[in-house]
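What follows is calculated from the coordinates using simple rules that are stated; it is not laboratory data. Quantities reported herein were computed from a predicted structural model and do not represent experimental measurements. We place every Cβ from the backbone using ideal geometry, glycine too, and count neighbours over all the protein chains shown.
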Amino acid sequence: MAALWDSVTQLYAYMAVVPIVPFALVYIGYAAFAKDKKRALRMAMDVTTALLIGSVTVLFNLIFGSSFGFYGILLILLLGAGLLGNLQYRKRGSVNLGRIVRAVWRLGFFVMGAFYLLFLAIAVGQTIWQA
């Protein structure tokens with residue numbers, strides 16, 4: 001069981017290093033399978049968000065020398081869900097949890113993508129100037 005867990009962890013780590021590769025693989029594979037490019041794009045975004053969360057967490061912890069990265073991301077996602085839930089309740093009078101989770105997850109793709117690019121540039125810059 002430990003070997004299986006180690007294999008899954010290694011596979012996740014390899015895919016999270018460059019999240020554009022799994023995004024492209026999922027998009028191309030699902031588009032070829034389902035023949036629906038819009039749905040393939042959504043599927044690729046959903047899969048890549050999980051990888052981006054891991055990458056941004058590691059980059060944040062590396063740059064700032066802390067272990068708060070994952071908890072900060074979780075805090076941002078929960079705050080976004082709370083704000084969207086409040087907005088939905090005020091507008092419709094009820095809360096659809098599935099729509100909120102899906103919206104926060106997909107918005108998280110764009111936010112994590114931007115943080116990934118920013119933190120990657122900072123980490124590369126730190127590595128270059130420290131050498």
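Could you state the number of Å between the C-alpha centres of the stretch 33-51 and the stretch 59-131?
Taking the Cα centre of the stretch 33-51 as reference, the centre of the stretch 59-131 is 19 Å away.
In the stretch 2-130, with Lys and Arg counted as +1 and Asp and Glu as -1 at Cβ, which of these residues, 2, 126, 56, has the Cα nearest the positive end of the dipole, that is, farthest along it?
Result: 56.
How would 76, 53 line up from fewest to most surrounding beta-carbon atoms within 10 angstrom?
76, 53
Fewest Cβ neighbours within 10 Å first, please rank 8, 26 accordingly.
Listing 8, 26 from fewest to most nearby Cβ atoms yields 8, 26.
Report which label in (i) 17.2, 57; (ii) 14.3, 44; (iii) 13.8, 42 holds the value of Rg and Dmax of the Cα atoms in Å derived from the coordinates of this structure.
(i)
With contacts defined as alpha carbon pairs under 8 Å and 6 or more residues apart, what's the relative contact order of the stretch 2-130 in percent?
24 percent
So how much slack lies between residue 129 and residue 89, counting 0.36 nm per residue of separation and subtracting their Cα-Cα distance, in nm?
Working it through step by step, the gained length comes to 9.4 nm.
Chymotrypsin sites (Phe, Trp or Tyr not before Pro), restricted to the stretch 23-131: which are DSSP loop and have at most 15 other Cβ atoms within 10 Å?
68
If neighbour count is taken as other Cβ atoms inside 10 Å, put 25, 107 in order from fewest to most.
In order of increasing Cβ crowding within 10 Å: 25, 107.
Taking 0.36 nm per intervening residue step and subtracting the Cα-Cα distance, what contour gain separates residue 114 from residue 102 on full extension?
Going from the current span to full extension adds 2.4 nm.
Tell me which DSSP H helices of the chain clear both cut-offs, 15 Å or more of axial length from alpha-carbon atoms and a mean Kyte-Doolittle hydropathy of at least 1.6.
Working: long enough: 2-17 (23 Å, 0.82); 20-34 (20 Å, 1.96); 37-64 (38 Å, 1.01); 69-92 (34 Å, 0.81); 97-130 (46 Å, 1.29).
Sorted by number, the helices that extend far enough and score high enough are 20-34.
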